[in-house]
1. Exactly one condition in (1) among the polar types (S, T, N, Q); (2) open to solvent by 90 Å² or more (accessible area, probe 1.4 Å); (3) over 17 Å from Asp23 (Cα atoms) is false for Asn99; which is it?
2. Condition (residue is surrounded by fewer than 22 Cβ atoms within 10 Å (Cβ to Cβ), basic (Lys, Arg), free of Cβ contacts under 8 Å to residues at least 60 places away in the same chain and farther than 26 Å from Ile137 by Cβ) applied to the stretch 82-89: is it met by at least one residue?
3. Give the residues of the stretch 32-67 that are among the polar types (S, T, N, Q) and under 13 Å from the mean Cα position of the chain (by Cα), sorted by residue number.
4. Kindly check whether there is at least one residue in the stretch 106-129 that is touching a residue at least 24 places away in the same chain (Cβ under 8 Å), open to solvent by 10 Å² or more (accessible area, probe 1.4 Å) and in a strand (DSSP E or B).
5. Kindly list the number of the only condition in (1) surrounded by fewer than 20 Cβ atoms within 10 Å (Cβ to Cβ); (2) closer than 27 Å to Ala131 by Cβ that fails for Ala70.
6. Between Ala29, Ala19, Ala10, which is of a type in the set (A, V, I, L, M, F, W, C), open to solvent by 70 Å² or more (accessible area, probe 1.4 Å), at pLDDT 95 or above and more than 19 Å from Met142 (Cα to Cα)?
7. Test Ala139 against the criterion of being under 23 Å from Gly53 (Cα atoms), surrounded by 18 or more Cβ atoms within 10 Å (Cβ to Cβ) and at pLDDT 95 or above, and give yes or no.
Amino acid sequence: MKLAPVGAEAAETLAALHAQAFDPSWPAAQMASLAQGAGTIALLAEDESGPVGMILCRALFEAAEILTLAVAPAARRRGIGAALVRAAAGLAAQGGADNLFLEVAQDNPAAQALYRSLGFAEAGRRAGYYARAERRIDALVMRLDLNTRKA
């Protein structure tokens, strides 16, 4: 597997991967806008079959946030999501971020387990953050300490 930084030129690919993981998904125009935004880290994972995962992260000043992470269903449970998060976290830390935040749906235990295995801890909750067909689902706000500098 290869991880590579991408920009707005990869918007269609990013949107296609996102659509495999989320409903509703983000359109290519939104991906392009996010990918060229200030402080954005956009990474694409590819294997011999082509694109298999993506992450968008925004790092501004001391804080960074994972905007979205998607892995193609056929490529899950191979460490791709973890590799994308680690790479984005490393780039955010290099840019000066001390913390990396994300929101994850309360009804997504697989994603929660992934983030906890990478050192994220629950930092809060956003009530009714995600819309589902029948109801709204809370988001867990999770935080990873990136600060390895000594005081």
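The values are calculated or read from the model by the stated rules, or taken from the named source; none is laboratory data. Fair warning: this is a prediction, and the values are worked out from it, not measured in the lab. Ideal geometry is used to build each Cβ from the backbone, glycine not excepted, and the neighbour counts take in all protein chains shown. The accessibility values were calculated without ligands, DNA or RNA, using every heavy atom of the protein model including side chains. Shrake-Rupley method; radii C 1.70, N 1.55, O 1.52, S 1.80 Å.
1. So Asn99 meets the others, but not (2).
2. Step one: filter the stretch 82-89 for residues surrounded by fewer than 22 Cβ atoms within 10 Å (Cβ to Cβ), giving 82-83, 86-87.
Still in the running and basic (Lys, Arg): 86.
Subsequent filtering for residues that are free of Cβ contacts under 8 Å to residues at least 60 places away in the same chain retains 86.
Retained after the next criterion (residues that are farther than 26 Å from Ile137 by Cβ): 86.
Yes, that holds for at least one residue.
3. Once the filter is applied, which keeps residues that are among the polar types (S, T, N, Q) and under 13 Å from the mean Cα position of the chain (by Cα), the stretch 32-67 yields only Thr40.
4. Looking for residues that are touching a residue at least 24 places away in the same chain (Cβ under 8 Å), open to solvent by 10 Å² or more (accessible area, probe 1.4 Å) and in a strand (DSSP E or B), one finds at least one in the stretch 106-129, hence yes.
5. (1)
6. Numbers: Ala19 fails: open to solvent by 70 Å² or more (accessible area, probe 1.4 Å); Ala10 fails: open to solvent by 70 Å² or more (accessible area, probe 1.4 Å).
Going through Ala29, Ala19, Ala10 in turn, the sole match is Ala29.
7. So Ala139 passes the test.
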